[in-house]
Amino acid sequence: MRKYLLTFALAFTGLTAYAQSGYEKIMAEKISKIETSKSPEDFQALANDFQRIADKEKDKWQPSYYTALAYIQKGRAQMQGGNNQALEETADQAQKFVDAAESLQQDNSEIHLLQKMIYSLKMMVNPMERFRTFGSKAAEELQKAEQLDPSNPRVTLIRAEDTFYTPEQFGGSKTKGMELFKAALEKFNTFKPKTALDPTWGKSEAQYFLNSAEK
């Protein structure tokens with residue numbers, strides 16, 4: 001009897017390990033598309049893929065995190081295309097999954113950074129009217145993200161973007177922005193994620209800005 005129980009236990013352990021490795025393989029494949037996707041349609045498809053994983057893996061925060069990130073990147077692509085009126089709906093979709101991720105992972109710098117990015121999208125629907133509300137909320141979330149993990153290179157990256165694109169009369173500076181991009185890249189070069197599925201995105205963006213400055 002003990003032999004059969006041991007055999008069953010070993011088989012169950014093997015199935016669990018296989019399922020886990022399958023989950024990690026699928027997640028890694030989808031995560032690799034975060035920085036290669038370009039259009040709103042690409043990011044929507046990626047968000048759909050991550051959402052299906054999140055629906056199955058309800059005890060893991062990363063699938064919801066990446067679903068939210070895909071929606072945020074969709075919003076940034078919409079903004080680049082001049083479709084700012086679509087940002088409200090896209091930001092609201094991202095918010096659902098940031099909330100889901102935070103319910104599983106409290107006080108996480110990466111999640112607070114996504115919350116900052118959502119508020120920024122909402123602000124860009126009408127910057128003049130929303131700067132004092134969503135702009136202030138975005139700044140608060142960025143500060144929280146930085147306090148929770150000062151070594152997080154994505155926090156420095158997003159701060160660099162804000163500084164670079166904000167007009168000087170409102171406190172921005174292209175020179176200071178480039179300094180922050182350089183600081184972000186230095187952090188990326190030493191950053192080590194806690195797990196294989198934790199966020200690593202952003203290094204290529206920092207490098208892009210620095211390469212552009214050298215031309």
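Below, the figures for the structure above:
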read-out	value
Output for the stretch 149-166, where each listed residue is closer than 18 Å to residue 190 by Cα, touching a Gly at 6+ places or on another chain (Cβ under 7 Å) and either open to solvent by 50 Å² or more (accessible area, probe 1.4 Å) or among the basic types (Lys, Arg) (or both)	154
Residues within the stretch 103-147 that are among the acidic types (Asp, Glu) and free of Cβ contacts under 8 Å to residues at least 40 places away in the same chain, tallied	4
Matching residues in the stretch 14-48 - criterion: being open to solvent by less than 40 Å² (accessible area, probe 1.4 Å) and either under 18 Å from the mean Cα position of the chain (by Cα) or at pLDDT 95 or above (or both)	27, 30, 31, 34, 37, 39, 40, 43, 46, 47
Residue count, the stretch 167-188 (criterion: open to solvent by 100 Å² or more (accessible area, probe 1.4 Å) and either touching a helix residue (DSSP H, G or I) at 6+ places or on another chain (Cβ under 9 Å) or under 14 Å from residue 213 (Cα atoms) (or both))	7
Residues satisfying the stated conditions in the stretch 133-148, i.e. open to solvent by 40 Å² or more (accessible area, probe 1.4 Å) and acidic (Asp, Glu)	140, 146
Scan of the stretch 164-215 for residues that are more than 23 Å from the chain's Cα centre (by Cα), assigned to a helix (DSSP H, G or I) and of a type in the set (D, E, K, R), ordered by number	168, 174, 176, 214
Filter result for residue 141 (in contact with a Leu (Cβ under 8 Å, 6 or more places away or on another chain) and modelled with pLDDT of 95 or more)	yes
Selection status of residue 157, in a helix (DSSP H, G or I) and in contact (Cβ under 8 Å) with a residue 24 or more places away in the chain	yes
Hits in the stretch 37-56 (condition: part of a helix (DSSP H, G or I) and charged (D, E, K, R))	41, 42, 49, 52, 55, 56
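The values are calculated or read from the model by the stated rules, or taken from the named source; none is laboratory data. All values derive from a computational prediction rather than experimental measurement. FYI the Cβ positions are ideal-geometry reconstructions off the backbone, even for glycines, and counts take in every protein chain you see. Areas reflect the complete protein model, heavy atoms only, side chains present, ligands, DNA and RNA absent. Shrake-Rupley method; radii C 1.70, N 1.55, O 1.52, S 1.80 Å.
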